[in-house]
Amino acid sequence: MRDAARIQTAIDILEKIEGSRVPMDNTIRDYMKFRRYIGSKDRKYIVELVYSIMRSWARLNWWLEKISLVNTPRSKVLTYLCLDGLSTHDITIRFCGEKHCPDLLSDEEQKAVDALQGKKLNDDKMDVAIIAECPPKHEEKLRSVFGDDFARQMKSMIDPAQMDLRVNTIKVTRERAQEVLAADAVETIETPHSPYGLRAVGKPYMSATKAFHKGLVEIQDEGSQLIAYICQAQPGMRVLDYCAGSGGKTLGIAAQMEGKGIIYAMDNDSRRLEKGRRRYRKADIHNVEVRSLEDDKNRKWLRRQKGAMDIVLVDAPCSSSGTWRRNPDYRWFQYGPTLEEIIDIQADILERVADKVKPGGRLVYATCSLFHEENEAQIEKFLENHKDYKLLNVKDIWPSGAENSPVDGPYLRLSPADHHTNGFFTAVLEHQ
């Protein structure tokens, strides 16, 4: 494809994203699915352009207002290309009006292109919240969470996340996994906090590697690995992963248990649970029992499990604000329930599982959210209503010792700026 055709494809995709009710990655996948003629190099260019524009959304809106250009997907792409360094000549060549290419520039667009020459995406006149790509509706909440560190924390969530891998210790050691990956030209370094983690150098295509194909490694952010790590599941335990989804954390917990004991993977989405079932087989994990909450028999089974579990993990549905590095569209588009609805869902889930933990057992609550309302406030409310639980200090119970804890406080709160992970929150509660 010519660059002009690639640019028009990016415009088409952005138009679909703005009118879609599903996340951007799904919209892009569905678009490409029916256009097999788009080659791999073209796809890479198009997808990177779309994601770059989404990561620049607030700043592009600022520029469009400044140059008085109507805010559309086309004008966003045009403005981004100018700020990215394309000359007036290069822009004119690409906006040529030929088949499969962007239409010719209008007089207003031509004036805008001329005005943007030599300008950069960041401008000294921008407010810090604009430069940090902070959605206005969340600015107050995030300033409350981060305080004077607001700008640094928010800027760290603009650039793409690195690729982290979790080593399947049922099959292989971390050192051996590195060797197998290196044989496929995948360079990795050990993650600083997760004893099972590797961080890939660059963006390798993992599906083509022996290590991924044989279930030696899974793609998983180090922060997500640490949620399973803090559970401290031991061989022989009974563990309930209540919001298991497709099984990312279930796999980590099952590996800790070394195939002994049992972990129940539950969720209200049977399709996601089936994906997890395939992953367990691939990883040689045999102590996971999948139970869908869509089945009335499993709901009845759950009601009978009072005081039966050593550990209950609630990886709660949330706003996913901690994943903005990977999902930049989540900043600007609402998919699914509102924040208020999500908070009610989280509280309801905690109530449903509170009596399933045996005395001395632990309830682990986690989100990939940055917001206080979904995190500390949710735990504080739960403890007010459940005097039989106490909050454990994460630093004091860190599996490899307090000196190795990534945080200094009662909660495991992770961020890209401080830990090079997605934004995560975890609280560990003990049943008295």
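The values are calculated or read from the model by the stated rules, or taken from the named source; none is laboratory data. Computed from a predicted model, the values in this text were never measured in an experiment. Here the Cβ is made from the backbone with ideal geometry for all residues, glycine too, and neighbour counts use every protein chain on show. Areas reflect the complete protein model, heavy atoms only, side chains present, ligands, DNA and RNA absent. Shrake-Rupley method; radii C 1.70, N 1.55, O 1.52, S 1.80 Å.
Just a few scattered comments:
- Under a Gaussian network description of the chain, with springs only between Cα atoms under 10 Å, the residue in Lys356, Lys282, Lys155 that fluctuates furthest is Lys282.
- Accessible carbon and sulfur surface of the chain relative to its total accessible area, %, 1.4 Å: 48 percent
- Farthest positive-ward along region 253-403 dipole, Cα basis, beta-carbon charges - from Tyr330, Ile397, Gln378: Ile397
- Across the chain, the relative contact order, built from alpha-carbon pairs under 8 Å that are at least six residues apart, equals 12 percent.
- Burial order of peptide ranges 175-188, 65-78, 362-375, 251-264 (average beta-carbon count within 10 Å, highest first): 362-375, 251-264, 65-78, 175-188
- When the residues Asp267, Asp149 are ordered by accessible surface, computed with a 1.4 Å probe over the protein chains alone, the sequence from largest down reads Asp149, Asp267.
- Listed residues Val167, Val394, Val128, most fluctuating in the chain (Gaussian network, C-alpha, under 10 Å): Val128
- Computed from Cα positions, the angle between helix 57-66 and the longest principal axis of the chain comes to roughly 30 degrees.
- With R₀ fixed at 41 Å, the C-beta to C-beta distance from Lys33 to Glu65 puts the FRET efficiency at about 0.70.
- Sites Lys99 and Gln432, calculated FRET efficiency, Cβ-Cβ separation with R0 51 Å, nearest 0.05: 0.10
- Extension gain, Ser207 back to Ala377 (0.36 nm per residue minus Cα-Cα distance, nm): 57.2 nm
- Highest average packing first - 340-353, 113-126, 308-321, Cβ atoms within 10 Å: 308-321, 340-353, 113-126
- Where only DSSP H runs of four or more residues are counted, the chain gives -12500 deg cm²/dmol as its mean residue ellipticity at 222 nm, each run worth -39500 (n - 2.57).
- Cα-centred dipole magnitude for region 123-201, charges only on beta-carbon of K, R (+1) and D, E (-1), debye, nearest 20: 380 debye
- In Hz, Karplus ³J(HN,Hα) per residue of region 219-231 (6.51, -1.76, 1.60; θ = phi - 60°; x = Gly, Pro): 6, 7, 4, 4, x, 5, 4, 5, 5, 5, 4, 6, 5
- Helix axis angle, 339-353 relative to the chain longest principal axis, alpha carbon, degrees: 20 degrees
- Between the Cα long axis of helix 376-385 and the first principal axis of the chain there is an angle of about 30°, rounded to the nearest 10.
- Identified option (computed Cα extents along the principal axes in Å; candidates [x] 64, 62, 37; [y] 73, 47, 45; [z] 68, 52, 41): [y]
- Per-pair calculated FRET efficiency, R0 = 35 Å: Leu392 and Lys119 via Cβ, rounded to 0.05: 0.10
- Computed lengthening from Asp159 to Lys297, 0.36 nm per intervening residue step minus Cα-Cα distance: 45.2 nm
- Charge dipole of region 1-73 about the Cα centre (unit charges at C-beta), most positive-ward option of Leu14, Gly39, Met54: Gly39
- Here region 1-89 is assigned +1 on the Cβ of each Lys and Arg and -1 on the Cβ of each Asp and Glu. Its dipole about the Cα centre then comes out at about 280 debye.
- Using 0.36 nm per residue and subtracting the Cα-Cα separation, the extra length available between Arg43 and Arg176 on full extension is 44.5 nm.
- Beta bridges per DSSP with both ends in the chain, % antiparallel, nearest 5: 55 percent
- Each Lys and Arg adds +1 at its Cβ and each Asp and Glu adds -1 at its Cβ; summed about the Cα centre, the chain shows a dipole of about 1720 debye.
- For the chain: accessible area per residue (Å², 1.4 Å): 46 Å²
- Distance between modelled label sites at Thr338 and Glu140, nm, 7 Å Cα→Cβ extension: 1.5 nm
- Selection from His193, Gly215, Leu181 lying farthest towards where the dipole of region 181-254 points positive, charges on Cβ: Gly215
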